[in-house]
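A short worksheet on the structure shown next.
The values are calculated or read from the model by the stated rules, or taken from the named source; none is laboratory data. Please read all numbers here as calculations on a predicted model, not as lab measurements. Here the Cβ is made from the backbone with ideal geometry for all residues, glycine too, and neighbour counts use every protein chain on show. Ligands, DNA and RNA are stripped out before the accessible areas are found, and what is left, the full protein with its side chains, is counted by its heavy atoms. Shrake-Rupley method; radii C 1.70, N 1.55, O 1.52, S 1.80 Å.
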Amino acid sequence: MRRLILLALLCSACSKDRAAPDSTTPSVVENHGPEPLLLRVPRGGGTGRIYRYPNLDSAVWTLDEAPAIDHVLAFDPSAGSVAVVDRKGFAARLDLRETDVLKAARTKLTSLSSANGSDIYGINVKGEIVRLNPNGSDWKFKPPMPARAVFAQPNGDVIVSANKGAQTVVWKVRPPDDVAQDSAVLPLAGRGVRTQVGDRIYFTIDSGLVGIKAKDLSSVGAVELASRVRALAPTPSGDRIYVATMADSGIAVVDRYTGRVQTNISLPVPPSDLRMDALGRYLLARHPQKDSAWVIAIGDNRLVGAVPTRWEADLPVVTPDGRLALLGAKDVTLVGPEKLDVKSTVSGGAKEFWYFFAWDGFRPRAQGLDQPVTFGDSVPGDSLATNAAVSPNDASSTPPVIPDTVPTPPVTIDPARPTSTGFIVSFAALLSEDKAQQVATSISVNGVQAHVVSTTTAGSPIFRVVMGPFPTRDEANKVGKAAKREYWIYEGSP
């Protein structure tokens, strides 16, 4: 009997040792990748702000006099620049590091396109392709006939199309070369859409689609549909293309490998536009007459339901965490993608242009990254000379290594630079130290002047104009407002 009781106790103890940890115990997970951010700019222009999504209560970046944005072309994470097109049709860049708006060109271009957020391509009034580069290295390409559309590619190539009679001619150019590398002739085509990975471009033709490979402009065949194409949206990987036609009330799902319609998604009426989730989870289809949209799950091509929303270039959209941001008359509502239940409402959010992106430029740096490197003196400076005795008669011996006898100057730390943690007010991040010092001397709050700290990002020195750290975010925010300049706040060391 005692043996049975002892065995039961041992089994109970072992089971407790192997029990799963308490699910309520929080686990610390370090996120080293880009963080989801949300840029919000008044639709008529004004003060733009960036938030760490889903925390929409406190902005981490502020820009006065932001333009009225029509749509975003692309984001350059290396330069921290958002390429946009304003409501007047001009290209511009929002510099997140220097907190500035840079006009890309004084003349208006059409068919604006960018794959990296840095190089912006467009067509001038002469039908030439123009590249707008932030470094001033602009470039032009004059095709044999006036260009109609331009498609910037992720690998640096540019694909240009133009109509010639009953045909559409396509060229591939590699800037800064001004000679086409490849060309192709297609049936007379309408609009074109590039896949997100940039390997193919699909053009609409009469009652169908025709695609080409971006690598060599070879044809991938035509897809016949019941009527003229109204809208199309490829998945991020490009494995499927969702097509809405003028007459068919459903959405045709085209398989890229077979070139045939894989399935049809039935809708009450033909949708007037399609919008693909950036991560390929859901597709939004616009109702042609009402302020509403259908939600379709990409995984199984399932119609989830309909949601009330207006349709603009930015909204509705699928958020990074999978919710649906719906545009109302005054507010923006965030709903669940499956039950379509309201999760939260952003009051007054409809008055602003929304753009979601991911970046690590606002992430606090580890304290040790900006500390000077020091070397211990455990190894004597003349240890190599004393241990490298060589016989003068031994010709095969390696000559001794004589260390540099010039003393290394001591590394000093600026005593004005704070090293404690807290909340930092950052006014600018510049590539020029002299310009950063000029900005710092112009900022003073309660007799305390801003100072410059240097960091390195992607191998390039960055000089930040900062104040702090401050013990609380509220105190840092008060200092930023008192400076009467654009600023953002981040937690950590300078």
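Per-structure values
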{"quantity": "Flag for R310 being touching a Gly at 6+ places or on another chain (Cβ under 8 Å), within 24 Å of G198 (Cα to Cα), surrounded by fewer than 20 Cβ atoms within 10 Å (Cβ to Cβ) and charged (D, E, K, R)", "calculated": "no"}
{"quantity": "Selected residue (criterion: surrounded by the most Cβ atoms within 10 Å (Cβ to Cβ)) from residues of region 62-82 that are touching a strand residue (DSSP E or B) at 6+ places or on another chain (Cβ under 6 Å) and hydroxyl-bearing (S, T, Y)", "calculated": "S81"}
{"quantity": "Hey, A231 at pLDDT 90 or above and farther than 26 Å from T345 by Cβ or not", "calculated": "yes"}
{"quantity": "Wholly within region 395-494, strands (runs of 3 or more DSSP E) carrying at least 1 residues that are modelled with pLDDT of 85 or more", "calculated": "422-430, 451-457, 460-470"}
{"quantity": "Members of region 262-315 that are acidic (D, E) and either out of contact with any strand residue (DSSP E or B) (no Cβ under 8 Å at 6 or more places or on another chain) or farther than 18 Å from F356 by Cβ (or both)", "calculated": "D273, D291, D300"}
{"quantity": "Test: residue in region 309-318 that is more than 19 Å from L38 (Cα to Cα) and either modelled with pLDDT of 95 or more or basic (K, R) (or both)", "calculated": "yes"}
{"quantity": "Matching entry among S111, S118, S161 (being touching a residue at least 12 places away in the same chain (Cβ under 8 Å), of a type in the set (S, T, Y) and more than 29 Å from R228 (Cα to Cα))", "calculated": "S118"}
{"quantity": "Close pairs from region 274-294: first farther than 18 Å from V332 by Cα, partner in a loop (DSSP other than H, G, I, E, B) and open to solvent by 50 Å² or more (accessible area, probe 1.4 Å), Cβ under 7 Å, at least 6 apart", "calculated": "G280/S237"}
{"quantity": "Residue check for G299: surrounded by 14 or more Cβ atoms within 10 Å (Cβ to Cβ) and at pLDDT below 95", "calculated": "no"}
{"quantity": "Index of the failed condition, N135 passing every other in (1) farther than 17 Å from P77 by Cα; (2) modelled with pLDDT under 95", "calculated": "(1)"}
{"quantity": "Leading residue by the ranking (most open to solvent (accessible area, probe 1.4 Å)) among those in region 165-198 that are closer than 23 Å to R240 by Cα, part of a loop (DSSP other than H, G, I, E, B) and β-branched (V, I, T)", "calculated": "V197"}
{"quantity": "Strands (runs of 3 or more DSSP E) within region 86-151 that include 1 or more residues out of contact with any Asp or Glu (no Cβ under 7 Å at 6 or more places or on another chain) and open to solvent by 60 Å² or more (accessible area, probe 1.4 Å)", "calculated": "100-103, 110-113"}
